[in-house]
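For reference, the structure discussed in these notes is given below.
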Amino acid sequence: MASWTYVGPLNFAVFAVPFGVDLTVVIKELETLQRAHSIEVLDIELIAGTADGGVRRETFENASADAAETDLLDDDDLAEIGRELAAGERALVVVYEDRSLAGVAGLVGGLGGRNIWSGGIDAADLDDESAPQEGAGA
């Protein structure tokens, strides 16, 4: 959970999964990451396409996953996700706060420093020019 010392970057991931697969192992991994304070799940959704080309939210068979549903996604988000789904797929959406540097932030705060920016870079936004060249120092 966010604190005054550190608010981690808010991120999301959308995974396409085949209909009918049991997501229990995935939900357990998310719970493990939360218990380790690596992430804070803000929302988890299961999205399926409809016969008419629309999308709908589905319920999880797992009670803890159902409890994590907060409906942060709006209709535009759902439609955009639906356009990416192939026949026979549904989407698992996880919205989360990245807490992996909270300990570092606490140490910096203890030294009198403060976190001034947190954020992410979409790997798709990196162009070839910014990628390390073979044989070049990292």
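Observations
- In the stretch 1-80, chymotrypsin sites (Phe, Trp or Tyr not before Pro) in a DSSP loop with at most 16 other beta-carbon atoms within 10 Å: W4, F19
- Note: relative contact order over the stretch 10-125, using C-alpha pairs below 8 Å and six or more positions apart, is 39 percent.
- For the chain, a Gaussian network of Cα nodes joined below 10 Å ranks V17, V93, V108 by mean-square fluctuation, and the top entry is V108.
- Listed residues G49, L107, F19: farthest to the positive end of the dipole of the stretch 10-125 (Cβ charges): L107
- With R₀ fixed at 30 Å, the C-beta to C-beta distance from A36 to R83 puts the FRET efficiency at about 0.30.
- Extension reserve of the S118-V21 stretch, reckoned as 0.36 nm per residue once the Cα distance is removed: 31.4 nm
- Debye, to nearest 20: dipole size of the chain, +1 on Lys, Arg Cβ, -1 on Asp, Glu Cβ: 700
- Length, then width, then depth: along the principal axes, the Cα atoms of the chain run 56, 40, 27 Å.
- Calculated [222 nm] ellipticity per residue, helices only, for the chain: -7500 deg cm²/dmol; basis is -39500 (n - 2.57) per DSSP H run with n ≥ 4, divided by all residues, nearest 500.
- Of the GluC sites (Glu not before Pro) found in the stretch 42-85, the ones in coil according to DSSP and having at most 14 other Cβ atoms within 10 Å of their Cβ are E61.
Since every read-out is calculated from the coordinates, none of them should be taken as a lab result. Just so it is clear, the structure is predicted and the values come from calculations on it, not from any experiment. With ideal geometry, Cβ positions are generated from the backbone for all residues, glycine too; neighbour counts draw on all protein chains shown.
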